1. Select from the range 1-26 the residues that are farther than 15 Å from residue 72 by Cα, polar (S, T, N, Q) and either part of a strand (DSSP E or B) or modelled with pLDDT of 95 or more (or both) and list them in ascending order.
2. Which one of these does residue 78 not meet: (1) in a strand (DSSP E or B); (2) touching a Phe, Trp or Tyr at 6+ places or on another chain (Cβ under 7 Å)?
3. Right, residue 66: among the basic types (Lys, Arg) and either open to solvent by 40 Å² or more (accessible area, probe 1.4 Å) or touching a helix residue (DSSP H, G or I) at 6+ places or on another chain (Cβ under 8 Å) (or both) or not?
4. Got a sec? Which of 82, 34 is open to solvent by less than 40 Å² (accessible area, probe 1.4 Å), more than 23 Å from residue 1 (Cβ to Cβ), within 12 Å of the chain's Cα centre (by Cα) and touching a residue at least 40 places away in the same chain (Cβ under 8 Å)?
5. Evaluate the range 45-55: report whether one residue or more is of a type in the set (S, T, N, Q), within 15 Å of the chain's Cα centre (by Cα), more than 15 Å from residue 117 (Cα to Cα) and surrounded by 13 or more Cβ atoms within 10 Å (Cβ to Cβ).
6. Cβ contacts < 6 Å: first residue surrounded by fewer than 18 Cβ atoms within 10 Å (Cβ to Cβ), restricted to the range 93-113; second residue part of a strand (DSSP E or B) and of a type in the set (S, T, N, Q), any location; separation 6+ or different chain. Result?
7. Considering only the range 37-45, I want to know if a residue exists there that is touching an Asp or Glu at 6+ places or on another chain (Cβ under 9 Å), of a type in the set (Phe, Trp, Tyr), in a strand (DSSP E or B) and under 25 Å from residue 101 (Cβ atoms).
Amino acid sequence: QVQLVESGGGLVQAGGSLRLSCAASGTIFTINAMGWYRQAPGKQRDLVAGITGIGSTNYADSVKGRFTISRDNAKNTVYLQMNSLKPEDTAAYYCNAVARTSAWSRPRDYWGQGTQVTVSS
């Protein structure tokens, strides 16, 4: 199994910045893509940003130019730098990893427990 532990959420004023971290541990053979999703109350969970094993990235239109995703493969960690935060960025942020636990296992999704980000106006 693979465990994902997020950190870095909190309360920030509009225009401020936060940096989220997510460290993967456990029985890891390879980690393919990693990403961040968010879910506001009463809404579906949506992709915020993703990054492949070779560093290709993609972002939701709403965060382009403000958020930056990066990863440290040696530490099995993914980061989300969030700048110019807006009240509409308020949500629970979840880390996701597509990982294999052995050479003969198929990739599957793993999720963190979520970290709350609240942006006040």
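1. Keep residues of the range 1-26 that are farther than 15 Å from residue 72 by Cα, which gives 1-3, 7-18, 26.
Okay, now just the ones that are also polar (S, T, N, Q), so 1, 3, 7, 13, 17.
Hits for the range 1-26 are 3, 7, 13, 17.
2. With respect to (1) in a strand (DSSP E or B); (2) touching a Phe, Trp or Tyr at 6+ places or on another chain (Cβ under 7 Å), residue 78 is out only on (2).
3. no
4. Values: 34 fails: more than 23 Å from residue 1 (Cβ to Cβ).
Within the list 82, 34, the selection yields 82.
5. Within the range 45-55, one or more residues are of a type in the set (S, T, N, Q), within 15 Å of the chain's Cα centre (by Cα), more than 15 Å from residue 117 (Cα to Cα) and surrounded by 13 or more Cβ atoms within 10 Å (Cβ to Cβ).
6. These pairs meet every condition: 100/30; 107/32; 111/96.
7. yes
The values are calculated or read from the model by the stated rules, or taken from the named source; none is laboratory data. Please read all numbers here as calculations on a predicted model, not as lab measurements. Positions of Cβ are backbone-derived with ideal geometry, glycine not excepted, and every protein chain shown enters the neighbour counts. The area values use the complete protein model at the heavy-atom level, side chains included, leaving out ligands, DNA and RNA. Shrake-Rupley method; radii C 1.70, N 1.55, O 1.52, S 1.80 Å.
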